[in-house]
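Student: Handing you a structure now.
The values are calculated or read from the model by the stated rules, or taken from the named source; none is laboratory data. This one's a predicted model, so the numbers in the text were calculated from it and none came from an experiment. Using ideal geometry, Cβ is built from the backbone for each residue, glycine included, and neighbour counts are taken over all protein chains shown. Calculation scope for accessible area: heavy atoms of the full protein, side chains included, ligands and nucleic acids excluded. Shrake-Rupley method; radii C 1.70, N 1.55, O 1.52, S 1.80 Å.
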Protein chains: 2
Amino acid sequence: MECQNYNITRGVERENLNLNPLQRGGILPREAREALYEFGDGYSVCDYCAGRLDEIAKPSINSFLDDLATFLHVDHVRTVHGAREGKFAVMYAMCEPGDPIVIDGNAHYTTHLAAERAGLEIIEVPNSGEKEFKIDLNKYQETLELAIDKYGEIKLALLTHVDGNYGNLSNAKEFGEICSDLNVPSILNCAYSMGRLPIDGNDWNIDFVVGSGHKSMAASGPIGVLGMKDEWAETVLKRSPRHVKKEVEMLGCTSRGAPIATLMASLPHVIERVNNWENEVELTQEFVSKLEKIDGIEQLGTKPSEHDLVRFDTPILHEISKNHPRKGFFFYEDLKKRKIVGIKRGQTEWFKCSTYGMSKEQRDYVANSILEIVEKFAN
Amino acid sequence: MECQNYNITRGVERENLNLNPLQRGGILPREAREALYEFGDGYSVCDYCAGRLDEIAKPSINSFLDDLATFLHVDHVRTVHGAREGKFAVMYAMCEPGDPIVIDGNAHYTTHLAAERAGLEIIEVPNSGEKEFKIDLNKYQETLELAIDKYGEIKLALLTHVDGNYGNLSNAKEFGEICSDLNVPSILNCAYSMGRLPIDGNDWNIDFVVGSGHKSMAASGPIGVLGMKDEWAETVLKRSPRHVKKEVEMLGCTSRGAPIATLMASLPHVIERVNNWENEVELTQEFVSKLEKIDGIEQLGTKPSEHDLVRFDTPILHEISKNHPRKGFFFYEDLKKRKIVGIKRGQTEWFKCSTYGMSKEQRDYVANSILEIVEKFAN
């Protein structure tokens, strides 16, 4: 049989300034590119496996996981295939079908899917709506208390540390305290935080943290991180009665290939950038200020922004699109001419973007480009 | 914090002749190396996602999956994270906790783990024992019939197409007929066959086939393939009531990164090598004949071998190790001097190996090397 042409190139997205928030935290540093080269073949990390992926010494997955646990301040850590797979593993191991769990109203769709796959009922804490869309932790506590009253026991409460729509940062420590006071195991979805900003599982008193290598840890996807307190290891990392070395919830081994090699190679780089997080936020805030000087562009979510992912309401772009010969495509196309990509094609009422990891000059170039496009076309 | 040195190199295993059966089918061809370069960053295949990984048109994951379904002769196909994740998805979607399923006695440990994770009871069809370790399909049928008599309904029967211990190839078509006659949904674990030899889901009347990209499809791990008949799509690929585009069992999307790009890039190469499978088996049989000329080396499993994975009983190596100054390590070390790796260090009573994809000269070199080592040290 003849194969079709699959177009397996990505020059445009790799070589230009990519504003897609999904892509900014997953760009590989040089060391990870080298690891990708070394471990590109098939089952490459398994040459010296004696039965447990997390115990492999060459490459030193075992030392790496120790370092990762130290970095995240958790007792145990495993790699999984992504944040969603980590959430499912925890929900599936901790709950029974039909159990209710409490989650925040800014949860990623994969949190809903993980709960649906595990057969759980979702009780939601709504966000504050226009224009902050914030999760009020008093409201979270109230919802959790009501749920306990109603059901007797709640086996899991989840908070999205930084959400993917507004980049709102929730207070993990407060959440950890609420849950621990109410004796409810807590899980923090750190897909947009772990690898960008500091995570302290023990200080925050969080039972489970999940992260995403491809989203925020400079790793080649798919890979995620699952950290937990010692008291849950027996439940979530229980061994097979038949294959006593193997962890059932992990199906034996998880990240058996190149992604874990890139995650390992990137750790020093990730530690360094996490130390530099405050500077990153400042640069984002400057970027937001520049765009908000444009009449008809407004940042949504909590202000000032505490994360590089920002969402803008852009009525001015929508206004322009009504009369522009290229309609809604003008913005995407004009940005692309300027080597800026990652904004959804044809969309003008709002956009979300991130300049994470760009130099100050690059961020200024992006802001000025948007300013110029609006000035060029606005009447 | 300071990271330890993780030793993220693999020169020895990449550059030498690697006999590890786990590694032979996952070596990337040039095209896949290029795809790895293009799609190495994070969430790279998701630039143009409109909500469904399997429908992405750039790169053309949609056309690729169509071609893959044609290649495997199945109605629907999805990528998963590996064969084990595919098996779990099917077991979890098709069965209820406590349900019994029937599997063959040569099943991979991940089949057991997937069943344990899904809470299923395993009914095993034993293999024939020394020295063939064969799965007798009459015995399989008998076991399945007894199980149906006892439990009323069996929701799934699994056969390991080619097992990882002896390289025994089972008759998939016969298995498909047995299951369909008894009205039991069938799943074929093709981790060691899909991508090496032809798979024909429809002709064999198999309900589910699972394969492994990193093991046998020249892809960067972790990635697997799950193919199925149309009648099961509603069950295994059911959509989320809340996020109507997303498939629950897949947690929305599975292979969001470089592995799927390499799987796509490798498909033409894989199709070609599958067409060449008979030649591959002949070369393996020649290799086996050469080794069996050595007194004290004997192939186990069905004979002549029908797969590149072969297991040898090697009493002669064990004999040598008793008097050799390097004890059991002599074999590994002497092979390594000759640029041959992938045999377990220190093991002398038996070994399994594969010369899959090597040139005839390379295979002869390996066989002659083993012959020379034995001649050098045997009294």
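Student: With every protein chain present, what accessible area does B:LYS245 have (1.4 Å probe, heavy atoms only), rounded to the nearest 10 Å²?
Tutor: 100 Å²
Student: Further, regarding this structure: Please compute, for peptide A:45-57, the average count of beta-carbon atoms on other protein chains lying within 10 Å of each residue's beta-carbon. Write out the running numbers ahead of the final one.
Tutor: Working: counts 4, 6, 10, 3, 1, 1, 1, 0, 0, 0, 0, 0, 2.
Mean shielding count: 2.
Student: Related question: Order the following by accessible area, largest value first: A:THR9, B:THR254. Probe radius 1.4 Å; ligands, DNA and RNA are ignored.
Tutor: Numbers: A:THR9 70, B:THR254 10 Å².
So, going from the largest accessible area down, we get A:THR9, B:THR254.
Student: What residue among B:GLY25, B:GLY195, B:GLY342 shows peak mean-square fluctuation when chain B is described by a Gaussian network model with Cα springs under 10 Å?
Tutor: Result: B:GLY342 has the largest fluctuation of those listed.
Student: While we're looking at this one, here's another question. In Å², and per residue, what accessible area does the protein assembly as shown have when probed at 1.4 Å with the other protein chains present? Mind showing how you got there, number by number?
Tutor: Working: 28540 Å² over 758 residues.
Value for the protein assembly as shown: 38 Å² per residue.
Student: For A:THR70 and A:GLU375, what does the FRET efficiency come to when R0 = 45 Å and r is the distance between their Cβ atoms, rounded to the nearest 0.05?
Tutor: On the way: r = 50 Å, r/R0 = 1.11.
Using R0 = 45 Å, I get an efficiency of 0.35.
Student: Can you list the distances in nanometres, one decimal and ascending, from the A:ALA378 label point to the identical position in each other copy, with the point 7 Å along Cα to Cβ?
Tutor: 8.7
Student: Report, for B:ASN171, each distance to the same residue's label point in the other copies, shortest first and in nm; define the point 7 Å along Cα→Cβ.
Tutor: 7.1
Student: With a cut-off of 19 Å, note down the residues of segment A:99-113 whose backbone N falls inside the zone around a label point 7 Å from the Cα of A:GLU142 toward its beta carbon.
Tutor: Backbone N within reach: A:102-107.
Student: Summing Lys, Arg as +1 and Asp, Glu as -1, what charge do residues with Cβ under 14 Å from the Cβ of B:SER44 carry, B:SER44 excluded?
Tutor: Working: positive: A:ARG10, A:ARG14, A:ARG24, A:ARG33, A:LYS215, B:LYS58, B:ARG256; negative: A:GLU13, A:GLU15, B:GLU34, B:GLU38, B:ASP41, B:ASP47.
Residues close to B:SER44 contribute a combined charge of +1.
Student: Do the alpha carbons of any pairs in B:LYS139/B:LYS215; B:LYS155/B:LYS215; B:LYS87/B:LYS155; B:LYS131/B:LYS339; B:LYS337/B:LYS376; A:LYS155/A:LYS245 sit beyond 22 Å of each other, and which pairs? Mind showing how you got there, number by number?
Tutor: Values: B:LYS139/B:LYS215 29 Å; B:LYS155/B:LYS215 28 Å; B:LYS87/B:LYS155 13 Å; B:LYS131/B:LYS339 31 Å; B:LYS337/B:LYS376 14 Å; A:LYS155/A:LYS245 27 Å.
In this structure, B:LYS139/B:LYS215; B:LYS155/B:LYS215; B:LYS131/B:LYS339; A:LYS155/A:LYS245 exceed 22 Å between Cα atoms.
Student: Taking a quarter of the surface of the Cα convex hull of segment B:57-149, what do you get in nm²?
Tutor: Working: hull surface 32.4 nm².
The orientation-averaged projected area of the Cα hull of segment B:57-149 comes to 8.1 nm².
Student: Right, here's the next one. Quick one: which residues, 5+ away or cross-chain, put their amide H under 5 Å from the amide H of B:PHE351? H built at 1.01 Å from N.
Tutor: Placed amide hydrogens put B:PHE312, B:THR314 under 5 Å from B:PHE351.
Student: Defining the label point at 7 Å along Cα→Cβ, can you sort the distances from A:ASN138 to the same site in each other copy, shortest first, in nm?
Tutor: Values, ascending and in nm: 7.8.
Student: For chain A, what does the convex hull of the Cα positions come to per residue, in cubic angstrom?
Tutor: So the per-residue Cα hull volume is 168 Å³.
Student: Quote the relative contact order of chain A in percent (integer), defining contacts as alpha-carbon pairs under 8 Å separated by 6+ residues. If you can, show how the numbers build up before the last one.
Tutor: Numbers: 739 pairs, mean separation 83.9, N = 379.
Relative CO of chain A lands at 22 percent.
Student: For chain A, set up a GNM with springs between Cα atoms under 10 Å and report which of A:GLN23, A:GLN362, A:GLN141 has the largest fluctuation.
Tutor: For chain A, modelled as a Gaussian network with Cα springs under 10 Å, the answer is A:GLN362.
Student: In addition: Between A:ASN183 and A:LYS131, take the C-beta separation as r, use R0 = 35 Å, and let me know the FRET efficiency to the nearest 0.05.
Tutor: The value I calculate is 0.50.
Student: Now for a separate question. Quick one: of the DSSP bridges fully inside chain A, what percent are antiparallel, nearest 5? Mind dumping the intermediate values first?
Tutor: Numbers: 19 of 36 bridges.
Given both bridge residues lie in chain A, the antiparallel proportion sits at roughly 55 percent.
Student: Can you check how the C-alpha radius of gyration of segment A:214-253 compares to 2.2 N^0.38 Å, as a plain ratio?
Tutor: Working: Rg = 12.8 Å, N = 40, 2.2 N^0.38 = 8.9 Å.
The value comes to 1.44.
Student: Tell me, what is the 1.4 Å probe accessible area of B:TYR166, in Å² to the nearest 10?
Tutor: 30 Å²
Student: Follow-up. Residues with beta-carbon under 14 Å from that of B:ILE101, excluding B:ILE101: net charge, scoring Lys, Arg +1 and Asp, Glu -1?
Tutor: Working: positive: B:LYS87, B:ARG117, B:LYS150, B:LYS155; negative: B:GLU96, B:ASP99, B:ASP104, B:GLU116, B:GLU121, B:GLU124, B:GLU153, B:ASP207.
Within the 14 Å Cβ shell, the charges total -4.
Student: Taking 56 Å as R0, compute the FRET efficiency from the Cβ-Cβ separation of B:LYS303 and A:SER63 and round it to 0.05.
Tutor: 0.80
Student: In deg cm²/dmol and to the nearest 500, what is the mean residue ellipticity at 222 nm of chain B if only DSSP H runs of at least 4 residues count, each as -39500 (n - 2.57), divided by the residue total?
Tutor: Details: 16 runs with 157 residues, N = 379.
So the calculated ellipticity at 222 nm is -12000 deg cm²/dmol.
Student: Roughly what % of Cα-Cα distances in segment A:41-94 sit above 19 Å, to the whole percent? Kindly include the intermediate steps, with their values, before the conclusion.
Tutor: Working: 564 of 1431 pairs.
Here the tail beyond 19 Å accounts for 39 percent of pairs.
Student: Per the Cauchy relation, a quarter of the hull surface: what is the mean projected area of the convex hull of the alpha carbons in segment A:248-358, in nm²? List each step's numbers first, then the result.
Tutor: Values: hull surface 41.7 nm².
About 10.4 nm², averaged over all directions.
Student: Considering only DSSP beta bridges whose two residues both sit in segment A:157-300, what percent are antiparallel, to the nearest 5?
Tutor: Working: 8 of 16 bridges.
Here the antiparallel bridges make up roughly 50 percent for segment A:157-300.
Student: Tally the DSSP beta bridges in the protein assembly as shown and give the antiparallel ones as a percent, rounded to 5. Intermediate values should be presented prior to the final figure.
Tutor: Numbers: 39 of 73 bridges.
Here the share of antiparallel DSSP bridges comes out near 55 percent.
Student: How many nm separate the modelled label positions at A:ASP203 and A:VAL12, each set 7 Å beyond the Cα in the direction of the Cβ?
Tutor: With each label point 7 Å from Cα toward Cβ, the separation is 4.4 nm.
Student: Check the axis relating chain A to chain B and name the residue of A whose C-beta is nearest, distance in whole Å.
Tutor: Rotation axis A onto B, closest Cβ, rounded to whole Å: A:HIS81, 2.
Student: What list of whole percents do you get for P(r) of segment A:264-319, with Cα-Cα distances grouped in 10 Å bins up to the one holding the largest distance?
Tutor: Whole-percent P(r) values from 0 Å outward: 23, 39, 23, 13, 3.
Student: Sticking with this structure for a sec: If a paramagnetic tag sat 7 Å from the Cα of A:ASN279 along the Cα-Cβ line, which residues of segment A:336-379 would have the backbone N under 17 Å from that point?
Tutor: Residues passing the 17 Å test: A:355-364.
Student: Can you work out D for segment A:2-109 in µm² s⁻¹ from Stokes-Einstein, where Rh is the Kirkwood radius over C-alpha pairs, the temperature is 10 °C and the viscosity is 1.306 mPa s?
Tutor: Reported coefficient: 88 µm²/s.
Student: Below 13 angstrom from the Cβ of B:ARG33, what's the summed charge of the other residues (Lys, Arg +1; Asp, Glu -1)?
Tutor: Net local charge, B:ARG33 excluded: -2.
Student: For Cα pairs less than 8 Å apart in space and 6+ apart in sequence, what is the mean separation divided by the residue count of segment A:1-106, i.e. the relative contact order in percent?
Tutor: Values: 30 pairs, mean separation 8.9, N = 106.
Reported as a whole number, the value is 8 percent.
Student: At a temperature of 20 °C and a viscosity of 1.002 mPa s, determine how fast the protein assembly as shown diffuses translationally according to Stokes-Einstein, using the Kirkwood radius over alpha-carbon pairs as Rh; express D in µm²/s, rounded to the nearest whole number. Walk me through the numbers before you get to the answer.
Tutor: Working: Rh = 27.3 Å.
Taking Rh from Cα pairs, D becomes 79 µm²/s.
Student: A:GLU34 versus B:ARG326, label points 7 Å from Cα toward the beta carbon: distance in nm?
Tutor: 2.9 nm
Student: Buried by at least 50 Å² relative to the chain on its own: which residues of segment A:183-229 qualify, computing accessible area with a 1.4 Å probe on protein heavy atoms?
Tutor: When all protein chains are present, A:HIS214, A:PRO222 each give up 50 Å² or more of accessible surface.
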